[in-house]
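**Q** First the structure, then my questions, so here it is.
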């Protein structure tokens, strides 16, 4: 009954959104046009235009949309509102528990460029090295930006590397901060239907006028606490009697933000777009977020446990502290003849610190003091190290009209200099050492009589051997041109050249056109080349942990950086840039006032895509000759038991179709906005190749990693919504459809599939006055969960308490949640 009602409701919403003749009783003749008429600035460096008039597809999320979502996290809000955006839920994945991967159009986190007020946003320090979406990438920490500071969000769904530089292969998200007068306070609280995951959020934003010529200072302060959730089942494999031993769900998180956006006009011409005295501007913010997550349970009889300390076994506890800061300052002014100059400096910093708690270093505990006694001592917590990333970008941009042979071109040109730096700081010695001497020649035996594991359990620390403090820089020059012909035809072109200090230069270009034979019909197309430079995180990240190999011998497992002895011995070439070719074709329909429909088909081909390799281990079994075991011949002399690294190993093709319809109906009863956004994408790994004479492409990037890229993100994501306003009331219903996903990273060769699901959210708001309103909402009304693990083919994970998804979880495993929010505008 519930399932039938759910399908009927969703189908009705889709049909209503796509039908211009819907709800005639509510419609009123002569009603104004589109809700999408708000201007956007992304995708073109010329004048702003409406989202429906852009040459390439641009989505717009305004403040009302942001407020209607039932979650305080920016990443989750974007996922609920834009079907091209994915923000997968992660757990038991170290730092990725708190910095979740954000992607666009089914591509990687580092193939999405994020801007704030049109300026490049720095990346995160964390490299995703666990078996999650975005494995091997270092994207942008989208949740480091508070909702209370945001005015609107623009999503450019088109390859834009020629316009904005590296990382824009999948598209660009531009976050526009609040500006001008206006203040708001908001308090929200929520919980899940299971009674866990309690969340409370408090925010306040203020806008102050600076002078009498349009200057402003906006400040936003926000704090949030999200309780942990746990959907683990009983562990029937490792404990008797069975009990819950794992924490599988959201980690405990505490977030604090302070952001600002300011502009100060100068001189007597303040407020004039061509003011020769110009204006100063600045924006940025700081955030501090902490996470409390878990690793894998260690049973009492496990060699990684010390029964004298943990008689019932233990669950390692990973504490993370994320610090993020950014500040951009700049100067804009008119040069006359409609030309404008913009000069800016933008600095950003990301730091992720790890601390392991409720753990132990087994080798410390069992290290022999003499032939007759043991130390029997080890700390149960340790600092396991830090990751830091900094970026400084300097821009000089010019734009304005230029007449060439009677044609007026809108031109934009600029210079950019950027410096990226990366640092790894080692943890406490106990976090990585094998005994206090760290000497592998000493035999230290655990409780089972085997060689004791080194380092703190859960998340071993970074070692002095993996410490790094390195940087690189690049410079760029770009030129954009756009012309609107007398015919209803707009042609745009862009070219960009960048040169990097570590691998050379690259040039990219883009052509786009739009043809509007009438107000009701528009056709658009684009073709572009793009690139993504290997990030400094991918070039310089490494980690070492001492573990047992398949033969039970203590060896080092190495994540090897570029140019290391391991990568050189295996013949892995230095990283080079990814290159892409993108094309799109679309139409825009506005058949009647208040109704719009867009359809855009697109394709992106990426060559030399940078990935994190599969784990490379020596051959097992006898090796009569070196030629019979070539991997062993390389790794054994280097005393490396297993290795993994970043490499340009694959080529992919992603195809997609975006369908978006919106219908606005106004009448005496109120205003009803119906919308449907249908997103389709499919990524295929076209080739796996290797520069190594020892390793094949299939060894470098095995089938489990191919499955993660091809099927780890939903190939279908749809968002349909109905929003009704009448007097003080606003009612919103939004349904998200997530297509099926699959993975085999933990079950190979079996491919575990998680079925497609619909989720429905409902929100109601009542405005007691123009200033004060209260909202109540239910997310995931039908308490929908992902499908369960196969109890036989996915063993032993279901027996360990894993109930739902893990390596890929598009919408999480929390089930239904409820929330209340009060906001006051003044």
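**Q** Return a yes/no flag: does region 776-787 have any residue that is surrounded by 15 or more Cβ atoms within 10 Å (Cβ to Cβ), farther than 30 Å from residue 105 by Cβ and more than 27 Å from the chain's Cα centre (by Cα).
**A** no
**Q** Hey, does region 419-428 have a residue that's crowded, with 21+ Cβ neighbours inside 10 Å, under 30 Å from the mean Cα position of the chain (by Cα), outside any strand (DSSP E or B) and at pLDDT 90 or above?
**A** Within region 419-428 (the criterion being crowded, with 21+ Cβ neighbours inside 10 Å, under 30 Å from the mean Cα position of the chain (by Cα), outside any strand (DSSP E or B) and at pLDDT 90 or above), the answer is yes, since at least one residue qualifies.
**Q** Report every pair of residues separated by at least 6 positions or lying on different chains whose Cβ atoms are under 8 Å apart, first residue within region 785-805 and at positive phi and touching a residue at least 12 places away in the same chain (Cβ under 8 Å), second assigned to a loop (DSSP other than H, G, I, E, B) and surrounded by fewer than 18 Cβ atoms within 10 Å (Cβ to Cβ).
**A** Matching pairs, first to second residue: 801/234; 801/244.
**Q** Kindly indicate which of 396, 411, 415 is surrounded by 18 or more Cβ atoms within 10 Å (Cβ to Cβ) and part of a strand (DSSP E or B).
**A** 411
**Q** Restricting to region 94-108, name every residue that is touching a residue at least 40 places away in the same chain (Cβ under 8 Å) and at negative phi.
**A** Selection gives 95, 97, 98, 99, 100, 102, 103, 104, 107, 108.
**Q** Condition (residue is in contact with a strand residue (DSSP E or B) (Cβ under 9 Å, 6 or more places away or on another chain), at positive phi, part of a loop (DSSP other than H, G, I, E, B) and surrounded by fewer than 19 Cβ atoms within 10 Å (Cβ to Cβ)) applied to region 721-731: is it met by at least one residue?
**A** Yes, because at least one residue in region 721-731 is in contact with a strand residue (DSSP E or B) (Cβ under 9 Å, 6 or more places away or on another chain), at positive phi, part of a loop (DSSP other than H, G, I, E, B) and surrounded by fewer than 19 Cβ atoms within 10 Å (Cβ to Cβ).
**Q** Tell me, please, whether a residue that is surrounded by fewer than 16 Cβ atoms within 10 Å (Cβ to Cβ) and touching a helix residue (DSSP H, G or I) at 6+ places or on another chain (Cβ under 6 Å) can be found in region 235-252.
**A** Yes.
**Q** Which residue, of 217, 258, 266, is modelled with pLDDT under 95, farther than 22 Å from residue 68 by Cα and surrounded by 16 or more Cβ atoms within 10 Å (Cβ to Cβ)?
**A** 266
**Q** May I pose another question? Kindly list the number of the only condition in (1) assigned to a strand (DSSP E or B); (2) on the phi > 0 side of the Ramachandran plot that fails for residue 621.
**A** (1)
**Q** Please determine whether any residue of region 115-123 is over 30 Å from residue 801 (Cα atoms), surrounded by 24 or more Cβ atoms within 10 Å (Cβ to Cβ) and in contact with a helix residue (DSSP H, G or I) (Cβ under 8 Å, 6 or more places away or on another chain).
**A** Scanning region 115-123 turns up at least one residue that is over 30 Å from residue 801 (Cα atoms), surrounded by 24 or more Cβ atoms within 10 Å (Cβ to Cβ) and in contact with a helix residue (DSSP H, G or I) (Cβ under 8 Å, 6 or more places away or on another chain).
**Q** Still on this structure, I have one more. Kindly provide the set of residues from region 305-341 that are surrounded by fewer than 18 Cβ atoms within 10 Å (Cβ to Cβ) and part of a strand (DSSP E or B), ordered by number.
**A** 321, 327, 329, 331, 335, 336, 339, 341 - these are the residues of region 305-341 that are surrounded by fewer than 18 Cβ atoms within 10 Å (Cβ to Cβ) and part of a strand (DSSP E or B).
**Q** Kindly indicate which of 359, 344, 350 is in contact (Cβ under 8 Å) with a residue 40 or more places away in the chain, buried (at least 18 other Cβ atoms within 10 Å of the Cβ) and either in a loop (DSSP other than H, G, I, E, B) or over 31 Å from the mean Cα position of the chain (by Cα) (or both).
**A** Testing whether each residue is in contact (Cβ under 8 Å) with a residue 40 or more places away in the chain, buried (at least 18 other Cβ atoms within 10 Å of the Cβ) and either in a loop (DSSP other than H, G, I, E, B) or over 31 Å from the mean Cα position of the chain (by Cα) (or both) leaves just 359.
**Q** When you check residue 228 against the structure, is it under 30 Å from residue 818 (Cβ atoms) and either modelled with pLDDT under 95 or surrounded by fewer than 21 Cβ atoms within 10 Å (Cβ to Cβ) (or both), yes or no?
**A** It is true that residue 228 is under 30 Å from residue 818 (Cβ atoms) and either modelled with pLDDT under 95 or surrounded by fewer than 21 Cβ atoms within 10 Å (Cβ to Cβ) (or both).
**Q** So residue 811 fits all but one of (1) within 24 Å of the chain's Cα centre (by Cα); (2) surrounded by fewer than 20 Cβ atoms within 10 Å (Cβ to Cβ); what number is the exception?
**A** (2)
**Q** Has region 748-765 got at least one residue that is closer than 28 Å to residue 207 by Cα, more than 25 Å from the chain's Cα centre (by Cα), crowded, with 18+ Cβ neighbours inside 10 Å and at pLDDT 95 or above?
**A** Yes, the conditions are met somewhere in region 748-765.
**Q** Could you identify the single residue in 662, 562 that is under 20 Å from residue 134 (Cβ atoms), surrounded by fewer than 23 Cβ atoms within 10 Å (Cβ to Cβ) and touching a helix residue (DSSP H, G or I) at 6+ places or on another chain (Cβ under 8 Å)? Break it down stepwise before answering.
**A** Working: 662 fails: under 20 Å from residue 134 (Cβ atoms).
Testing whether each residue is under 20 Å from residue 134 (Cβ atoms), surrounded by fewer than 23 Cβ atoms within 10 Å (Cβ to Cβ) and touching a helix residue (DSSP H, G or I) at 6+ places or on another chain (Cβ under 8 Å) leaves just 562.
**Q** Among (1) free of Cβ contacts under 8 Å to residues at least 60 places away in the same chain; (2) over 11 Å from the mean Cα position of the chain (by Cα); (3) farther than 30 Å from residue 339 by Cβ, which single condition is residue 136 missing?
**A** (1)
**Q** Right, next: Please verify whether residue 70 is at pLDDT 90 or above, buried (at least 24 other Cβ atoms within 10 Å of the Cβ), in a loop (DSSP other than H, G, I, E, B) and touching a strand residue (DSSP E or B) at 6+ places or on another chain (Cβ under 7 Å), treating the condition exactly as stated. Quick ask: steps written out before the conclusion?
**A** Working: at pLDDT 90 or above: no; buried (at least 24 other Cβ atoms within 10 Å of the Cβ): yes; in a loop (DSSP other than H, G, I, E, B): yes; touching a strand residue (DSSP E or B) at 6+ places or on another chain (Cβ under 7 Å): yes.
Spelling it out, it is not the case that residue 70 is at pLDDT 90 or above, buried (at least 24 other Cβ atoms within 10 Å of the Cβ), in a loop (DSSP other than H, G, I, E, B) and touching a strand residue (DSSP E or B) at 6+ places or on another chain (Cβ under 7 Å).
The values are calculated or read from the model by the stated rules, or taken from the named source; none is laboratory data. All of these numbers come straight from a predicted model, not from anything done at the bench. Note that each Cβ is placed from the backbone with ideal geometry, even for glycine, and that neighbours are counted across all protein chains shown.
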